[in-house]
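Report on one structure; see the data block that follows.
The values are calculated or read from the model by the stated rules, or taken from the named source; none is laboratory data. Computed from a predicted model, the values in this text were never measured in an experiment. Please note: Cβ atoms are built from the backbone with ideal geometry, for glycine as well, and neighbour counts cover all protein chains shown.
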């Protein structure tokens, strides 16, 4: 709160002092920790410059702040504005190669849309709307459609990231025992959101919407392609607005990050089989998962790719989905939020 308080109004600054608010409960959890190879626990602009940007032309940073667990919608909206203003001032202004995601109070769609429009109209260095995988409802639900409309209006990607605390269990049969159980079952959350978005007609309504799945895993997607297309052939009267095989929508609108890579990278044929089932390398994007220790070495994957595939994986796919070159080419000084 000491970092965010300068970006809060006097009312909300006093509010946090008087009630002793420290941070959302959602970010007070036990985590396997940071990767010492990446410079220890403290993440700073300097550590990103040294450990990420030494090897990259640009980086997109995500700040998860657990806004979905704040039940007061006005306080959640104020915190979202503070987080995004802090990100612009303390990170983006200090390093022109950084882009960021917009934190939104997903529990209140009206405030979420207002924050997206506030940030996007004043600062194009924000390339994505950040959403937690654990949500109040599947993201195809019509309550969320104004968010997709705002993202499309401002040419933003929608990023669904592992995590989130809404009170809903992370599986259809209830809560799990611990972090390991939930992490290994995370694919269920992402699959539910993507099926919901396809079957509720989100991609028909918003044909330019781009969705990125972060820390979702990869290998569940080919199975989903087969299942959803097969059932669509016999049950499509349930969703007559879905006019093409569902897998086509997913391949066209969805990209996935390579961390965690749940393909055995040392097994060339298995890797090639999964890439072929995905439709090629176009759906898969490099990610560092900096600074988490469970990031895997991607060099074995690189060794299995052709030069053209490696170029798409390392650079082109992310550059296209986040419109990186266009965003970095602008005058950063002119884009600072008021």
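Checking residue 127 against (1) at pLDDT 95 or above; (2) over 23 Å from residue 292 (Cα atoms), only one condition comes out false. Which one?
Only one criterion in (1) at pLDDT 95 or above; (2) over 23 Å from residue 292 (Cα atoms) is unmet by residue 127, namely (2).
How many of the residues in the stretch 272-307 are within 29 Å of residue 48 (Cβ to Cβ) and either at pLDDT 85 or above or not in a strand (DSSP E or B) (or both)?
Total satisfying the criteria: 25.
Please find, within the stretch 274-294, the residue that is nearest to residue 318 (Cα to Cα) out of those that are free of Cβ contacts under 8 Å to residues at least 40 places away in the same chain and buried (at least 17 other Cβ atoms within 10 Å of the Cβ).
286
Of the conditions (1) surrounded by fewer than 13 Cβ atoms within 10 Å (Cβ to Cβ); (2) part of a loop (DSSP other than H, G, I, E, B), residue 263 fails just one. Which one is it?
That leaves (1) as the condition not met.
Could you run through the stretch 66-107 and say how many residues are touching a helix residue (DSSP H, G or I) at 6+ places or on another chain (Cβ under 8 Å), assigned to a loop (DSSP other than H, G, I, E, B) and surrounded by fewer than 22 Cβ atoms within 10 Å (Cβ to Cβ)?
The total comes to 6.
What is the residue count in the stretch 108-142 for residues that are outside any helix (DSSP H, G or I) and in contact with a strand residue (DSSP E or B) (Cβ under 8 Å, 6 or more places away or on another chain)?
Residues meeting the conditions: 10.
Going by what's in this entry, would residue 150 be described as crowded, with 18+ Cβ neighbours inside 10 Å, touching a helix residue (DSSP H, G or I) at 6+ places or on another chain (Cβ under 6 Å) and in contact (Cβ under 8 Å) with a residue 40 or more places away in the chain?
For residue 150, the condition - crowded, with 18+ Cβ neighbours inside 10 Å, touching a helix residue (DSSP H, G or I) at 6+ places or on another chain (Cβ under 6 Å) and in contact (Cβ under 8 Å) with a residue 40 or more places away in the chain - is not met.
Filter the stretch 328-338 down to the residues that are touching a helix residue (DSSP H, G or I) at 6+ places or on another chain (Cβ under 9 Å) and either in a loop (DSSP other than H, G, I, E, B) or at pLDDT 90 or above (or both) and list them by number.
Scanning the stretch 328-338 gives 332, 336, 337, 338.
Please determine whether any residue of the stretch 226-233 is farther than 25 Å from residue 67 by Cα and touching a strand residue (DSSP E or B) at 6+ places or on another chain (Cβ under 9 Å).
no
Here is a check on your reading of the model: is residue 8 under 18 Å from residue 103 (Cβ atoms), under 24 Å from the mean Cα position of the chain (by Cα) and either loosely packed, with under 14 Cβ neighbours inside 10 Å or at pLDDT 90 or above (or both)?
No: the conditions fail for residue 8.
Those residues that are within 16 Å of residue 229 (Cα to Cα) and in a helix (DSSP H, G or I), I need them from the stretch 173-202; list them, please.
Answer for the stretch 173-202, where residues must be within 16 Å of residue 229 (Cα to Cα) and in a helix (DSSP H, G or I): 191, 192, 194, 195, 196, 197, 198, 199.
Would the stretch 27-38 turn up any residue that is farther than 28 Å from residue 108 by Cβ and either at pLDDT 90 or above or surrounded by 18 or more Cβ atoms within 10 Å (Cβ to Cβ) (or both)?
Within the stretch 27-38, one or more residues are farther than 28 Å from residue 108 by Cβ and either at pLDDT 90 or above or surrounded by 18 or more Cβ atoms within 10 Å (Cβ to Cβ) (or both).
Restricting attention to the stretch 221-231, which residues are buried (at least 17 other Cβ atoms within 10 Å of the Cβ) and within 22 Å of residue 258 (Cβ to Cβ)?
Scanning the stretch 221-231 gives 221, 222, 224, 225.
Mind checking which residues of the stretch 153-167 are buried (at least 17 other Cβ atoms within 10 Å of the Cβ) and out of contact with any helix residue (DSSP H, G or I) (no Cβ under 7 Å at 6 or more places or on another chain)?
Passing the criteria: 159, 161, 162, 163.
Starting from residues that are closer than 22 Å to residue 6 by Cα and in contact with a helix residue (DSSP H, G or I) (Cβ under 7 Å, 6 or more places away or on another chain), keep the ones in the stretch 52-63 and report whichever is modelled with the lowest pLDDT.
63
Quick check on the stretch 39-51: of everything there that is in contact with a strand residue (DSSP E or B) (Cβ under 9 Å, 6 or more places away or on another chain), part of a loop (DSSP other than H, G, I, E, B) and under 29 Å from residue 105 (Cα atoms), which residue is modelled with the highest pLDDT?
This residue is 43.
Being out of contact with any helix residue (DSSP H, G or I) (no Cβ under 6 Å at 6 or more places or on another chain), at pLDDT 85 or above, crowded, with 16+ Cβ neighbours inside 10 Å and more than 21 Å from residue 61 (Cα to Cα) narrows it down to one residue among 243, 251, 237; which is it?
Being out of contact with any helix residue (DSSP H, G or I) (no Cβ under 6 Å at 6 or more places or on another chain), at pLDDT 85 or above, crowded, with 16+ Cβ neighbours inside 10 Å and more than 21 Å from residue 61 (Cα to Cα) holds for just one of 243, 251, 237, which is 251.
Out of 205, 134, I need the residue that is surrounded by fewer than 17 Cβ atoms within 10 Å (Cβ to Cβ) and within 24 Å of residue 247 (Cα to Cα). Which one?
Result of the check over 205, 134: 205.
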